[in-house]
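What follows is one structure encoded as structure tokens, with my remarks underneath.
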Amino acid sequence: MTGAEFQMLLSGAWTTIWISALAILGGVPLGLVLGLGRVAGIPVLSQVLALYISIGRATPLVTLVLLLFVGLPVIGINIDAVTAGVLTLLLNTATFNAEIWRSVYESFPRGQVEAAQAVGMTKPLIFRRIMLPQMSMAALPGLMNEATLLIKASPAIAVIGIVDLTRVTDRISARTYEPLPPIIAAGIIYMLIIAGMVRLQRMLENRAAKRAV
């Protein structure tokens, strides 16, 4: 591989990283809202959110990105490919994150909540001061695992023309007629990205453990 081709791979990797990062940063809090909405017990809303989450988890990324990029303009909402790509990944990861948050919320020790209520703390304060910090720590492995899966599934957005790492690999392969070198290079880059995510998870866990002490 030439230096220019390697530069193309790095450019594609950067596109994959920042689009995935935007989706992850938006998908984690959105998943929290969806998860809490589902367990809130509000009539109709809980059922609607449960249906939305089920459909979102079952819909392939390629189908979703095409639906947004091609379908939204039909109803007068025009978006570019990058916006459609970010929204696709965000909406997809939010549905999986919602189930992670819901599971963590439902397994939270109720004794702590009852003790806080006994000393006069309000529900919003209990959630913010007591529940959310512990829930975040418990949800971290699942959220990070979902984030890594999202990065590995992100090549689906290339179908609408986004030049991510996988699409760059295809272009180099088509140009050089030697698919193996760019594929190996792309695989190594993906592994480095995932390794960075694992390292970030460990740093966050260590930081949370120090705060707990």
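The values are calculated or read from the model by the stated rules, or taken from the named source; none is laboratory data. Fair warning: this is a prediction, and the values are worked out from it, not measured in the lab. Using ideal geometry, Cβ is built from the backbone for each residue, glycine included, and neighbour counts are taken over all protein chains shown. Side chains included, ligands, DNA and RNA excluded: accessible areas come from the protein's heavy atoms. Shrake-Rupley method; radii C 1.70, N 1.55, O 1.52, S 1.80 Å.
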Determine whether Val86 is open to solvent by less than 20 Å² (accessible area, probe 1.4 Å), under 24 Å from Met8 (Cβ atoms) and in a helix (DSSP H, G or I).
no
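Residue-by-condition table, conditions (1) open to solvent by 40 Å² or more (accessible area, probe 1.4 Å); (2) modelled with pLDDT under 90:
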| site | (1), (2) |
| --- | --- |
| Ser173 | no, yes |
| Thr176 | yes, yes |
| Pro179 | yes, yes |
| Ile183 | yes, no |
| Ile189 | no, no |
| Leu192 | yes, no |
| Met197 | no, no |
| Asn206 | yes, yes |
Scope region 59-83; condition in a loop (DSSP other than H, G, I, E, B), of a type in the set (S, T, N, Q) and either open to solvent by less than 80 Å² (accessible area, probe 1.4 Å) or closer than 21 Å to Ala147 by Cβ (or both); matching residues
Thr59
The condition from (1) modelled with pLDDT of 90 or more; (2) open to solvent by 60 Å² or more (accessible area, probe 1.4 Å); (3) closer than 26 Å to Arg207 by Cα that Phe108 misses is numbered (2)
Look through Leu9, Leu34 and report the one residue that is farther than 28 Å from Pro179 by Cβ and among the aliphatic types (A, V, I, L, M).
Leu34
Taking the options Leu34, Leu10, Leu22, name whichever one is within 19 Å of Thr88 (Cβ to Cβ), part of a helix (DSSP H, G or I) and open to solvent by 70 Å² or more (accessible area, probe 1.4 Å).
Leu22
Among the residues in region 146-157, are any open to solvent by less than 50 Å² (accessible area, probe 1.4 Å), among the charged types (D, E, K, R), touching a Ser or Thr at 6+ places or on another chain (Cβ under 8 Å) and under 30 Å from Ala4 (Cα atoms)?
no
Among the residues of region 39-49, are any within 30 Å of Asp164 (Cβ to Cβ) and either without any contact (Cβ under 8 Å) to a residue 24 or more places away in the chain or surrounded by 20 or more Cβ atoms within 10 Å (Cβ to Cβ) (or both)?
no
Just one listed residue, out of Gly56, Gly27, is surrounded by 14 or more Cβ atoms within 10 Å (Cβ to Cβ), free of Cβ contacts under 8 Å to residues at least 60 places away in the same chain, within 15 Å of the chain's Cα centre (by Cα) and not in a loop (DSSP other than H, G, I, E, B), and it is Gly56
